[in-house]
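Worksheet: one structure, shown below.
The values are calculated or read from the model by the stated rules, or taken from the named source; none is laboratory data. From a predicted model like this one, the values you see are computed outputs, not experimental measurements. Positions of Cβ are backbone-derived with ideal geometry, glycine not excepted, and every protein chain shown enters the neighbour counts. Heads up: the accessible areas ignore ligands, DNA and RNA and are worked out on the full protein's heavy atoms, side chains in. Shrake-Rupley method; radii C 1.70, N 1.55, O 1.52, S 1.80 Å.
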Amino acid sequence: MLAGCTTTVAGSAQRERRTAPLRDLIAVLPTGAEVSQAVGNRVDAAGPPVAGGVEALPNGIRDNSAANPIECLGPASPFMRVVYETGEIRGAAWQEFSHYGGSQTVSSVDAGVVEFTSQTEAQRMFTAFAQRWKTCEGTSVTTALHNASDTELYQTITDVRVDATVVSATVVNSDNQRDAEFPTERAIGLAGDCIVDVDVAVTDGTSAEQRASGRAVKVATIMLDNVNRNR
């Protein structure tokens, strides 16, 4: 939001631009109860939320040596710094939720939000992301763990869907060790000067239960409502 007043300098009127206050981005993040209801089983906050500037975003992957092709990292993994740092960022926050053991269908959820310098900048980034996700549909992102068994992880991007304010996809996770495949539901959403980013790991359950069912979109919608509520 811009506010201004008129001042006179050397006989000319100039508009003074003021920066809108930073959002409370932690307030945009969903609660454990909200996430649990959205995904259909209990998950709990795995620790305190992380918040700050661009440095708050995970930064363990920077190039093709860590994830190949790096251009498709965005739809494969949530709120990575290398994906978002091309934008003019004001702040970021994210929270991990998890509940392992038992027979719950969803074992973990990652939910994050990035605030940009303006709604125009957020829209520019969201449009670029939507195009990238569609371009990456059908691509497998390979991550080498460089461990004793030379494990490689594969994330295949499928079922990309784009509308005006939400982009979603299903990422099929596998590896070269013949472990069981499982899907991850992905979603990003746009509201105001923010993009929200959600990852839902569906690691157990029947084939029907593991089928993508809009869980990530539901979590993203909660966060978009929080952004709009706190404008």
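Let a ≥ b ≥ c be the square roots of the eigenvalues of the Cα gyration tensor of region 61-126; is it rounded (a/c under 1.5), or, if not, prolate (a/b larger than b/c) or oblate? Verdict is oblate for region 61-126. Shape class for region 175-214, computed from the alpha carbon gyration tensor (a ≥ b ≥ c): oblate, with a/c not under 1.5 and a/b at or below b/c. Computed log10 I(q)/I(0) for the chain at 0.08, 0.17 Å⁻¹: -0.31, -1.26, from the Debye equation with unit scatterers placed on every C-alpha and solvent omitted. The residues of the chain expose on average 50 square angstrom of accessible surface per residue, using a 1.4 Å probe on protein heavy atoms.
Rounding to the nearest 10 and keeping the result within 0 to 90°, find how far the Cα-based axis of helix 119-136 lies from the longest principal axis of the chain. Between helix and principal axis, roughly 30 degrees. Taking only protein heavy atoms and a 1.4 Å probe, the accessible area of region 132-231 is 46% carbon and sulfur. Each Cα pair under 8 Å and six or more residues apart adds its separation to the average, and for the chain the resulting relative contact order is 19 percent.
Around the amide H of Gly91, modelled in the peptide plane, lie the amide H atoms of Glu115, all under 5 Å away and 5 or more residues distant in sequence or on another chain.
Working ranking of peptides 210-222, 40-52, 131-143 by packing, defined as the average number of other Cβ atoms within 10 Å per residue, highest first, is 210-222, 131-143, 40-52.
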